[in-house]
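The values are calculated or read from the model by the stated rules, or taken from the named source; none is laboratory data. This is a predicted model, so every value here is computed, not measured. A quick note on method: Cβ atoms are made from the backbone with ideal geometry, for glycine too, and the neighbour counts reach across all protein chains shown.
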Amino acid sequence: MPQLTHLDRLEAESLHIIREVAAECENPVMLYSVGKDSAVMLHLAMKAFYPSRPPFPLMHVDTTWKFREMIEFRDRKAAEMGMDLLVHINEDGVREGIGPFTHGSAVHTDVMKTQGLKQALDKYKFTAAFGGARRDEEKSRAKERIFSFRSAEHRWDPKRQRPEIWNVYNTRINQGESIRVFPLSNWTELDIWQYIRREGIEIVPLYFAAERPVVNWNGVDIMVDDDRMPEELAKTAVMKSVRFRTLGCYPLTGAVESTAATLDEIIQEMLLTTTSERQGRVIDVDQSASMEKKKQEGYF
Amino acid sequence: MRLTDDLIATDIAAYLEKHENKSLLRFITCGSVDDGKSTLIGRLLYDSKMIFEDQLASLEADSKKVGTQGENIDFALLVDGLAAEREQGITIDVAYRFFATDKRKFIVADTPGHEQYTRNMATGASTADVAILMIDARKGILTQTRRHSFITTLLGIRRLVLAVNKMDLVDYDETIFNDIVDDFYAFADELATDLEIQPIPMSALAGVNITSRSDETAWYEGPALMEYLENVPVGDRRLSTSFRMPVQWVNRPNLDFRGFSGQIASGTVKPGDRVKSMPSGKQSTIARIVTADGDLPEAVAGQSVTLTLADEIDASRGDAIVTADDPTEVSDQFQVRILWMNEAPLLPGRRYLLKIGAKTVTATVNAPKYGIDVNTLSDVPAKTLELNHIGVTTISLDQPIAFDPYDANRNLGGFILIDRMTNDTVGLGLIDFALRRASNIHWQAMDVDRHALAEQKGQKPAVLWFTGLSGSGKSTIANALQKRLFALGKHSFSLDGDNVRHGLNRDLGFTDADRVENIRRVANVAKLMSDAGLITLVSFISPFRAERQMARNMMEDGEFIEIHIDTPLDVAEQRDVKGLYKKARSGEIKNFTGISSPYEAPQNPELRIDTVNRSPDDAAEEILDYLREHGFLGA
């Protein structure tokens, strides 16, 4: 009798969660952020419904500041998989010229990401949205249910979480409410990498080390990805062998110096590293409970 | 521990091959902050190098600022995730933690100990293989230890670690440890007869007997906690070995493929196996086990697969595909144990939604036979169940379901209860056995009155009175509305001029007196239907205000909803679907409303529908919104 490994069990649980949403929720969507966790989530969705296609579209909330390689990868991947891809940009923010260099990370993230996401969910009236968040990422996420409910204003109320018993999920919502569903809740960063390796899942090349132009901004090395970087700053660029542990807006994503150019080398580096994954994200360093606060405000 | 493995640095590929095939153990820790539960988890994470430098730095800073351990690291701060928890120094919700050793990956559900958070503990326990019960060596077995033991075993955990902590504070005294263990065994006999209990003396703070056995307790011969966790068998050993898979999703990419997707709840399955679809009992043979990685020769409990069958049998979401050799039972009435998890108490006789596997049905929960005091395990009288109370009762469903008793198979015997109005998960339940005959049920004294009848249908009765000119669109809109109500599972009936005048009112003509009698009779029929709990759609021209008022007065307050289908005469006449206006104009029909007889438009109808600028479907949606907003449709 085949013995299930930890990756087998995690995969089976995720497939169950994804199918349950497709079967019970009226209008689901999969939020696709183009990162490695999204890549795994999309792969799991393809598996869950095989030989059918997943019965929901992908959606990317584009802040307009993502790495160019991410956008190329996104469009190619969606086409290859035969998935419908919705791209939403907060046009109000674009009109006001919001950006990380001019407005700082907090304002930029709030307007282009949080508000953009709310706009998109309202626009398409999605009742359930898959997200690739994991419980090992952050303290308040560790306490969030797999099916996490949001009010009509997209707010999370950590004190009113529904009990979640066995794998029997209550997917019912009241008018205007919606659900965030996290099929990767029980995966760790190492699980994600091991699974990418086992399944041969393609990820954005930015995860692999290469010579890239970087500048030091607010103590973090960031990559010069286009000419919107202030000239003064861009002038200081030097070529370094770097890679990214997470992917987001290029001015807000810290590069790590590395020569890890293969999957095995990345995992090796990760296992030997001494800082946690989110440290490269400028968004989290403000205050220790900032993720919890952002979630309450509707940041996924 | 991950950093201790030299292979990471020397041969990462070999390391990854080795670590791809770990097993996974899920366990729960129960106890209060004082017992050192958070310290234990922090210790496990720390010792397995799962705490990174930046996390450690912020932990050290927080420990000095708000910690309770003086200059030492306060591990509790690591696991209390919510701002409210850190401020109040309490644990409110389950936190999931992850760590891995060379042998296993672990998922820890760290659960709050206080009675008011029992439902959170149940959430954590429901997916765990093992429970660690934290006990303060200075205090011994407390009421809360009993409660935690009861909840975890109720949720199906059979392997318990009795973690007698803070042994450093009692000089690692063997006698104290043994007394506590004896106390617990005496109590555990009442819990279940098939428990496997592993007592371990330890000090989480000092790291004694956590990763390896320590000299401080030389008298102790059992395993250290980590040794136990790495070697205890994974999974529910009571799980039935008979094949069961609830159908989650019917996979139909094209006309040539019809698969049944689901996660195997128990047993194994191979192509060629004889299976039954329950509750129908129709038999077939497994043709293929389809996955994206190719067809499988065999699949086992826990796997998510798609099965195809040799015969075209009709199975849909919520059905269970089970081995034909040992199929599940099927019933619609059960004795169950329920843990109530909502602030609003159980209302006996009320209809709740019950979800079991992938199946959702409507359940009437009867008044408890008795409650169980979770602290003493004794039976107590109970008329209802309040938050965190446990009781034994009977339920009856609106349709039969496939099931196994919970003690034989927690995947097919455990269910949740959902409130139909608030959509909250209000309770969890465990099926003990089916009540074979309806007469076995001890029905609570409950009059079958109009409220009970409506409650049973999950709606509030209403009389939707459509009034308007001939050809205004009353019946068309009522029809569109009724289809929507039907699709929502609501119970309705439609009365219109055509169907009533051919039978009940065929003795009536179109004089004013007959029109009044016509409406009187129809209103009475609507009233009876309303008493039966139905949403009744009445589509009559009903031209006179007085008669519509009479009908309104007959109904309960708020149940009469006057809907004026406000189509102007010229528009209705232009439509003239039945050619009646033409005949009226030519004098062929006498007393025709709008032409030769008056129409008194309603002055304050609940709804006025303009049909000139909108479709019947839009009109039906507007009425549906009204019903929903005013609570007629239940949840």
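Could you grab me the full set of residues in segment A:9-25 that are more than 20 Å from the chain's Cα centre (by Cα) and more than 7 Å from chain B (Cβ to nearest Cβ)?
A:Glu24, A:Cys25
Find all pairs meeting these conditions: Cβ atoms under 6 angstrom apart; at least six residues apart or on different chains; first residue within segment B:112-139 and closer than 21 Å to B:Trp340 by Cα; second residue aromatic (Phe, Trp, Tyr).
Cβ pairs passing all conditions: B:Ser126/A:Trp166; B:Ala128/B:Phe27.
Out of the residues in segment A:45-59 meeting the condition of being within 25 Å of A:Ile71 (Cα to Cα) and at the interface with another protein chain (Cβ under 8 Å from one of its Cβ atoms), tell me which one is surrounded by the most Cβ atoms within 10 Å (Cβ to Cβ).
Taking the candidates together, the pick is A:Lys47.
Which condition does A:Asp75 not pass, out of (1) free of Cβ contacts under 8 Å to residues at least 12 places away in the same chain; (2) in contact with a Leu (Cβ under 8 Å, 6 or more places away or on another chain); (3) within 14 Å of chain B (Cβ to nearest Cβ), if it passes all the others?
Condition (3) is where A:Asp75 drops out.
Would you mind telling me which numbered condition in (1) more than 10 Å from every other protein chain (Cβ to nearest Cβ); (2) assigned to a helix (DSSP H, G or I); (3) closer than 29 Å to B:Leu428 by Cβ; (4) among the basic types (Lys, Arg) A:Arg155 fails?
(2)
Which strands (runs of 3 or more DSSP E) sit wholly inside segment B:92-158 and have at least 1 residues that are acidic (Asp, Glu) and out of contact with any His (no Cβ under 7 Å at 6 or more places or on another chain)?
Passing ranges, in order: B:104-110, B:130-136.
Quick one: how many residues across segment B:596-631 are within 14 Å of another protein chain (Cβ to nearest Cβ) and surrounded by 17 or more Cβ atoms within 10 Å (Cβ to Cβ)?
2
Does B:Phe260 meet the test of being within 14 Å of another protein chain (Cβ to nearest Cβ), assigned to a strand (DSSP E or B), in contact (Cβ under 8 Å) with a residue 24 or more places away in the chain and within 25 Å of the chain's Cα centre (by Cα)?
In short, yes.
A:Gly93: of a type outside the set (Asp, Glu), more than 28 Å from A:Glu11 (Cβ to Cβ), away from chain B (no Cβ under 13 Å) and surrounded by fewer than 22 Cβ atoms within 10 Å (Cβ to Cβ), yes or no?
When the stated conditions are applied, A:Gly93 does not pass them.
How many residues does segment A:26-44 hold that are within 12 Å of chain B (Cβ to nearest Cβ) and buried (at least 22 other Cβ atoms within 10 Å of the Cβ)?
Residues that pass the stated criteria total 1.
Return the residues of segment A:172-183 that are at the interface with chain B (Cβ under 9 Å from one of its Cβ atoms) and either under 27 Å from A:Ala39 (Cα atoms) or not hydrophobic (A, V, I, L, M, F, W, C) (or both); say none if nothing qualifies.
Passing the criteria: A:Arg172, A:Asn174, A:Gln175, A:Glu177.
Looking only at segment A:81-96, decide whether some residue is touching a residue at least 40 places away in the same chain (Cβ under 8 Å) and on the phi > 0 side of the Ramachandran plot.
Checking segment A:81-96: not a single residue is touching a residue at least 40 places away in the same chain (Cβ under 8 Å) and on the phi > 0 side of the Ramachandran plot.
Please note which helices (runs of 4 or more DSSP H) are completely contained in segment A:214-300 and include at least 1 residues that are at pLDDT below 95 and over 30 Å from A:Leu121 (Cα atoms).
Because the criterion is at least 1 residues that are at pLDDT below 95 and over 30 Å from A:Leu121 (Cα atoms), the helices (runs of 4 or more DSSP H) in segment A:214-300 that meet it are A:231-234, A:263-272.
Filter segment B:153-203 down to the residues that are touching a Gly at 6+ places or on another chain (Cβ under 9 Å), within 15 Å of B:Val130 (Cβ to Cβ) and either crowded, with 18+ Cβ neighbours inside 10 Å or among the charged types (D, E, K, R) (or both) and list them by number.
Within segment B:153-203, B:Leu155, B:Gly156, B:Ala163, B:Pro199, B:Ile200 meet the criteria.
Quick one: in segment B:204-220, which of the residues that are of a type outside the set (A, V, I, L, M) and out of contact with any Phe, Trp or Tyr (no Cβ under 8 Å at 6 or more places or on another chain) is surrounded by the fewest Cβ atoms within 10 Å (Cβ to Cβ)?
Restricting to residues being of a type outside the set (A, V, I, L, M) and out of contact with any Phe, Trp or Tyr (no Cβ under 8 Å at 6 or more places or on another chain), the top hit is B:Asp215.
Limited to segment B:13-63, what total is found for residues that are assigned to a helix (DSSP H, G or I), surrounded by fewer than 22 Cβ atoms within 10 Å (Cβ to Cβ) and at pLDDT below 80?
Summing the residues that are assigned to a helix (DSSP H, G or I), surrounded by fewer than 22 Cβ atoms within 10 Å (Cβ to Cβ) and at pLDDT below 80 in segment B:13-63 gives 16.
Can you tell me which residue among B:Ser277, B:Ser378, B:Ser316 is among the polar types (S, T, N, Q), surrounded by 18 or more Cβ atoms within 10 Å (Cβ to Cβ), more than 10 Å from chain A (Cβ to nearest Cβ) and more than 18 Å from the chain's Cα centre (by Cα)?
B:Ser277
Could you tell me whether any residue of segment A:188-200 is of a type outside the set (Gly, Ala, Ser), within 14 Å of chain B (Cβ to nearest Cβ), in a loop (DSSP other than H, G, I, E, B) and within 26 Å of B:Thr127 (Cα to Cα)?
Among the residues of segment A:188-200, at least one is of a type outside the set (Gly, Ala, Ser), within 14 Å of chain B (Cβ to nearest Cβ), in a loop (DSSP other than H, G, I, E, B) and within 26 Å of B:Thr127 (Cα to Cα), which makes the answer yes.
List the number of the failed condition for A:Gly82; all other conditions in (1) within 14 Å of chain B (Cβ to nearest Cβ); (2) crowded, with 19+ Cβ neighbours inside 10 Å; (3) of a type in the set (Gly, Ala, Ser) hold.
(2)
Take segment B:381-404 and flag every residue that is assigned to a loop (DSSP other than H, G, I, E, B), surrounded by fewer than 22 Cβ atoms within 10 Å (Cβ to Cβ) and under 22 Å from the mean Cα position of the chain (by Cα).
The answer is B:Thr384, B:Glu386, B:Leu387, B:Asn388.
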